[in-house]
């Protein structure tokens with residue numbers, strides 16, 4: 001059973017004093033882990049606003065789907081006449097002012113880009129130079145990746161995010177990250193730009209199916225990404241019915257916490273995981289015996305992570321909706337600080 005701590009207003013960590021980083025990169029102090037409730041009143045965290053601090057540089061470029069070797073937009077599972085596929089996806093990159101050219105930067109890959117990039121930018125501008133060591137963020141580079149188009153089953157976005165395999169994380173690792181490092185505009189501004197190869201220096205964040213994708217990236221490839229942030233996670237059965245992965249994971253991301261109970265029945269992986277669900281999230285009013293109840297799915301996921309001994313944090317937000325902007329504004333700064341706790345740069 002989850003034992004919730006109530007945080008009705010203000011910063012989770014300012015309220016709880018929860019960030020004491022351990023000196024070993026492989027070990028993350030458990031302080032600040034656990035289950036929290038926020039709302040029904042929300043405010044925007046000052047660390048997610050423009051405080052006049054030095055700004056980094058933002059870049060944008062396109063990646064045509066036809067040039068990809070992994071997601072070309074022509075899979076047999078797709079129904080493009082009903083769920084259109086993009087010709088190209090936009091990649092948005094933010095390099096914080098605190099980054100020094102030539103450093104091997106930690107990274108945050110966000111889904112459904114540009115999504116909440118504006119909030120992440122403010123967090124970086126304010127917290128990479130924080131005078132409070134417990135609130136200071138590393139100068140990570142953020143790569144916001146646009147989805148391939150549409151939503152749910154038979155869509156390119158659903159194929160990328162809801163499929164239980166390492167396909168999407170391989171796409172990020174072998175196609176998106178090299179494209180960022182070789183982009184002419186970025187290279188002109190940062191001739192020696194580099195990313196860390198340390199999986200503890202690589203985080204990912206998403207909401208809804210993008211949240212499921214974040215967990216799946218780390219679950220299947222903890223050698224690549226180990227810091228995972230999911231808001232309103234789609235830990236339900238939304239994998240394509242005709243996907244090859246149905247043979248192994250017939251209920252898609254539902255298998256993490258129910259049916260196969262992958263979290264419970266697998267060896268513990270080196271992951272740090274944030275999860276969240278809203279009171280009025282997708283499927284919140286559906287019968288509990290369906291495979292599409294967001295609240296139940298996220299509660300079970302959090303309980304499984306707790307029982308297995310993961311470094312995890314679970315937030316339940318009252319009087320809120322699916323991927324609610326107010327929840328991000330209220331919690332994201334603390335989520336990022338908690339997520340990067342214990343990181344030691346190369």
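Place the peptides 35-43, 106-114, 175-183, 195-203 in order of packing, highest mean first, counting for every residue the other Cβ atoms within 10 Å and averaging per peptide.
On the way: 35-43: 17.7, 106-114: 23.3, 175-183: 15.7, 195-203: 19.8.
In decreasing order of mean packing, 35-43, 106-114, 175-183, 195-203 become 106-114, 195-203, 35-43, 175-183.
Using only the alpha carbons of region 167-259, determine the length spanned along each of the three principal axes and report them from longest to shortest in whole angstroms.
49, 25, 22
How big is the gap, in Å, between the Cα center of region 34-89 and the Cα center of region 191-270?
With region 34-89 and region 191-270 each reduced to a Cα centre, they are spaced 16 Å.
Counting only C-alpha contacts under 8 Å and six or more residues apart, can you give the relative contact order of the chain as a whole percent?
22
Where both residues lie in the chain, what percent of DSSP beta bridges are antiparallel, nearest 5? Mind dumping the intermediate values first?
Working: 12 of 48 bridges.
Around 25 percent antiparallel, to the nearest 5.
Consider just the alpha-carbon atoms of the chain and return their Rg together with their Dmax, both in angstrom.
Rg and Dmax of the chain, Cα atoms, are 18.9, 55 Å.
Taking the beta-carbon count within 10 Å as an exposure proxy, list 275, 49, 128 from fewest neighbours to most.
Working: 275 26, 49 15, 128 19.
Fewest-to-most Cβ neighbours within 10 Å comes out as 49, 128, 275.
Ranked highest first by the average count of other Cβ atoms within 10 Å around their residues, in what order do 97-104, 264-271 fall?
On the way: 97-104: 14.9, 264-271: 12.9.
Top of the packing list down: 97-104, 264-271.
Using only DSSP helix segments of four residues or longer, with each worth -39500 (n - 2.57), what per-residue ellipticity at 222 nm results for the chain after dividing by its residue count and rounding to 500? If you can, show how the numbers build up before the last one.
Numbers: 10 runs with 86 residues, N = 346.
Rounded to the nearest 500, it is -7000 deg cm²/dmol.
FYI, it's all coordinate maths here, none of it is from the lab. Keep in mind that this is a model prediction, so the values were computed, not measured. Neighbour counts are summed over all protein chains in view; Cβ atoms, including those assigned to glycine, are modelled from backbone coordinates with ideal geometry.
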